[in-house]
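Asks: Following this message is one structure expressed as structure tokens.
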Amino acid sequence: MIPLPSFFKAGCVLIIVAFSVSGCLGAREWTYPPLPDKTYVATPAKDPISARLVVLPLEDLRGTEVKDEYWKVAIPLVPHGVASYDRPETVVNPEQVDELFFNPPKDFARALADEIREANIFSTVILSEGQTPPPGDYVLRGHLHSTKWERRLTTYLLGPLGTVFWMIGLPMGETTTEVEMDLRLTPAGDPSQVLWSFAMKFNGAVNDGVYYGLEESVQSYPVALQDALRPAIKDLAGKSKSRVIGQ
């Protein structure tokens, strides 16, 4: 019978190997619309509102919690080791598979402006770099409430020995992505007069293993954002067609 310390050492080696394979992904930059299709959510309207829309960066209301407890799966009978980040782009020295390179308040606003522009809802759509809008007819503001990222690693209650299952293709764990935000459209001269508003929340999950799913776990935010924006863009496009906005 092999002594427990030997099992533990072997398991630790397997964990290192697994994360080395994960590290082959390299850096993943923000891309929108999401790969592989790179398509927008709405069919362009033929009769846009003749007006200039300014989209501001989102106001960041996210939390700051960081949890990094992958090590717990090295303990037998412990079901999961969890890494959880409220602001995943700010985490210092995460596992490479956990690295995310984006600026949610600005990148999400840019994606929103692109979606509205592609939907041809307004004749002109511009993105403001700051919270003071340039001249325009309407301003779109929003709050970013959550971009929580969580990965639950498992060794199937077997501690280090359970990493053998990773090597034969069973999942290492599950990654969940959350996007929660709200938007409001106002006249440029009166931010208190809300002409249109929309709140949205999206949760996505993907299993990942040594041989699969790791890229999806890193590139999940463009997909999550577009799924969250889909009903908002369609609602805004529908309101524009009925001329509820701009009257």
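The values are calculated or read from the model by the stated rules, or taken from the named source; none is laboratory data. Just so we're clear, the structure is a prediction, and the values are computed from it rather than from any experiment. Using ideal geometry, Cβ is built from the backbone for each residue, glycine included, and neighbour counts are taken over all protein chains shown. Side chains are part of the model used for accessible areas, which takes the heavy atoms of the whole protein and leaves out ligands, DNA and RNA. Shrake-Rupley method; radii C 1.70, N 1.55, O 1.52, S 1.80 Å.
Asks: Residues D190, D235, D182: which one is within 26 Å of D137 (Cβ to Cβ), modelled with pLDDT of 90 or more, in a loop (DSSP other than H, G, I, E, B) and open to solvent by less than 70 Å² (accessible area, probe 1.4 Å)?
Replies: D190 is the lone residue from the list that is within 26 Å of D137 (Cβ to Cβ), modelled with pLDDT of 90 or more, in a loop (DSSP other than H, G, I, E, B) and open to solvent by less than 70 Å² (accessible area, probe 1.4 Å).
Asks: Here's another thing I want to ask about it. Could you pull out the residue among M200, M181, M172, M167 that is within 27 Å of the chain's Cα centre (by Cα), in contact (Cβ under 8 Å) with a residue 24 or more places away in the chain and over 30 Å from L61 (Cβ atoms)?
Replies: The match here is M172.
Asks: Right, next: Quick check on region 33-50. Is at least one of its residues modelled with pLDDT of 90 or more, open to solvent by 50 Å² or more (accessible area, probe 1.4 Å), farther than 26 Å from S146 by Cα and touching a Gly at 6+ places or on another chain (Cβ under 6 Å)?
Replies: Looking for residues that are modelled with pLDDT of 90 or more, open to solvent by 50 Å² or more (accessible area, probe 1.4 Å), farther than 26 Å from S146 by Cα and touching a Gly at 6+ places or on another chain (Cβ under 6 Å), one finds none in region 33-50, hence no.
Asks: Test of understanding: among E129, E118, E150, which residue is open to solvent by 70 Å² or more (accessible area, probe 1.4 Å) and outside any loop (DSSP other than H, G, I, E, B)?
Replies: E118
Asks: Could you check region 67-106 and list, in sequence order, the residues that are part of a strand (DSSP E or B) and closer than 16 Å to H145 by Cα?
Replies: S84, Y85
Asks: A further question follows. Give the number of residues within region 91-102 that are more than 15 Å from M172 (Cβ to Cβ) and in contact (Cβ under 8 Å) with a residue 24 or more places away in the chain.
Replies: Matching residues across region 91-102 total 6.
Asks: Another question, if that's okay. Take the residues in region 51-77 that are open to solvent by less than 30 Å² (accessible area, probe 1.4 Å) and not hydrophobic (A, V, I, L, M, F, W, C); name whichever of them is farthest from P160 (Cα to Cα).
Replies: The extreme case among them is P57.
Asks: Oh, and also: Looking only at region 137-154, decide whether some residue is modelled with pLDDT under 90, under 25 Å from P33 (Cβ atoms) and out of contact with any Asp or Glu (no Cβ under 7 Å at 6 or more places or on another chain).
Replies: No, every residue in region 137-154 fails to be modelled with pLDDT under 90, under 25 Å from P33 (Cβ atoms) and out of contact with any Asp or Glu (no Cβ under 7 Å at 6 or more places or on another chain).
Asks: Continuing with this model, one more query. How about region 78-119: which of its residues are over 13 Å from the mean Cα position of the chain (by Cα), over 17 Å from G142 (Cα atoms) and acidic (D, E)?
Replies: E95, E118
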